[in-house]
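Engineer: Please find one structure pasted underneath; my questions will follow.
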Amino acid sequence: MSSSRSLSRYLRELSVAGALSVLAGCGFTPLYGAHSANHAPAVISQFAAIEIPPLPDRIGQQMRNLLIDALHPNGAAGDYRYRLSVAITKAIVNLGLQQNSTSTRGQVRITVKYSLVDEQSGKTLLTETLRTSTGYNILINQFSSVLSQEDAEAQGLQQLSEDMTQHLALYFKTAP
């Protein structure tokens, strides 16, 4: 009985190893981690060629800084081939209403519409809309509530910049 279990387990492990080796042979690359598309040398050189123009408002400045950190870790190219046009909208929603009409919970909803434009041809290569929402507590102390809201905004922007970077990396990895 136990030998048939061990044989069954051995065959299962062997089939998993075989499936993984087939997957590795087909050009599979992980989405996240040190060996992801974001870290491929060809993608990093494309990232350096993306111009990120200034964005209005404080939330735009924060998003631009996050994108510069993500797309230009080794510095930007002096001659840009691409331009990243970004538009950000933010909405604050009060949730968790009490009987006296005061809120105890808030939500920051951020929408980012972006386009990657080839400067040489003027052609739009990629256009996407990304959304995120993060919650925060509304406290009696207004200063604490403001800090909590700003932290929620920062978390949302961080998530959106990571998503944009991932989508751009996948575009450059699969573009002809």
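Engineer: Could you tell me whether any residue of the range 47-69 is at pLDDT below 90, over 24 Å from TYR114 (Cβ atoms) and not β-branched (Val, Ile, Thr)?
Structural biologist: no
Engineer: From VAL112, VAL93, VAL117, VAL146, grab the single residue that is out of contact with any Gly (no Cβ under 9 Å at 6 or more places or on another chain), among the β-branched types (Val, Ile, Thr) and over 26 Å from PRO53 (Cα atoms).
Structural biologist: Every option except VAL146 fails the conditions.
Engineer: So is LEU84 surrounded by 13 or more Cβ atoms within 10 Å (Cβ to Cβ) and either part of a strand (DSSP E or B) or among the small types (Gly, Ala, Ser) (or both) or not?
Structural biologist: Judged against the criteria, LEU84 is a match.
Engineer: Please enumerate the residues belonging to the range 118-147 that are more than 19 Å from the chain's Cα centre (by Cα) and either crowded, with 17+ Cβ neighbours inside 10 Å or outside the structural domain of GLN46 (by TED's automatic domain parsing) (or both).
Structural biologist: Matches in the range 118-147: TYR136, ILE138.
Engineer: Before we move on, is ILE140 at pLDDT 95 or above and on the phi < 0 side of the Ramachandran plot? Spell out the reasoning first.
Structural biologist: Values: at pLDDT 95 or above: no; on the phi < 0 side of the Ramachandran plot: yes.
In short, no.
Engineer: Oh, and also: Among LEU157, LEU170, which is the only one that is in contact (Cβ under 8 Å) with a residue 12 or more places away in the chain and buried (at least 18 other Cβ atoms within 10 Å of the Cβ)?
Structural biologist: Answer to the check: LEU157.
Engineer: Determine which member of the set GLY106, GLY135, GLY122 is farther than 20 Å from ASP163 by Cβ and part of a strand (DSSP E or B).
Structural biologist: GLY106
The values are calculated or read from the model by the stated rules, or taken from the named source; none is laboratory data. From a predicted model like this one, the values you see are computed outputs, not experimental measurements. Heads up, the Cβs are rebuilt from the backbone with ideal geometry, glycines too, and the neighbour counts pull from every protein chain shown.
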